[in-house]
Amino acid sequence: MSTEMIEAIPVDIEITKKVPIIPDAYYTRKEIEEMGICGWLTLFRHERKGKLKVCRIGRLVRYRGSDILNWLEKCTS
């Protein structure tokens, strides 16, 4: 009978902190994605459907924090 040895390898797990959304701040798609709220494609789709307001400055896309909070409340209810 053979016996197998299992070796435990230490793994560093990065614990993320929840970053609060400031209602008066403006966020890019990348910042929202990095916060773990949702992906950029989800933002884009809801923007196109008219469910999420967007602020455009030329080609730059920004989302106001209060609009994100309202959108999230509607999605969860």
Rounded to the nearest 500, what is the chain's calculated 222 nm mean residue ellipticity when only DSSP H runs of at least 4 contribute -39500 (n - 2.57) each, over all residues?
-10500 deg cm²/dmol
Starting from the Cα gyration tensor of the range 26-76, take the square roots of the eigenvalues, sort them a ≥ b ≥ c, and report rounded, prolate or oblate (rounded when a/c is under 1.5, otherwise prolate if a/b is larger than b/c, else oblate).
rounded
Among 51, 18, 30, which one shows the biggest mean-square fluctuation in a GNM of the chain, springs joining Cα atoms closer than 10 Å?
18
Once the Cα atoms of helix 65-76 and of the chain are each reduced to a long axis, what angle between those two axes, in degrees from 0 to 90 to the nearest 10, is obtained?
70 degrees
Angle, helix 40-49 long axis vs. longest principal axis of the chain, Cα atoms, 0 to 90°, nearest 10?
30 degrees
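Values quoted throughout were computed directly from the atomic coordinates according to the rules given, and no laboratory measurement underlies them. Keep in mind it's a predicted model, so treat the numbers as computed, not measured.
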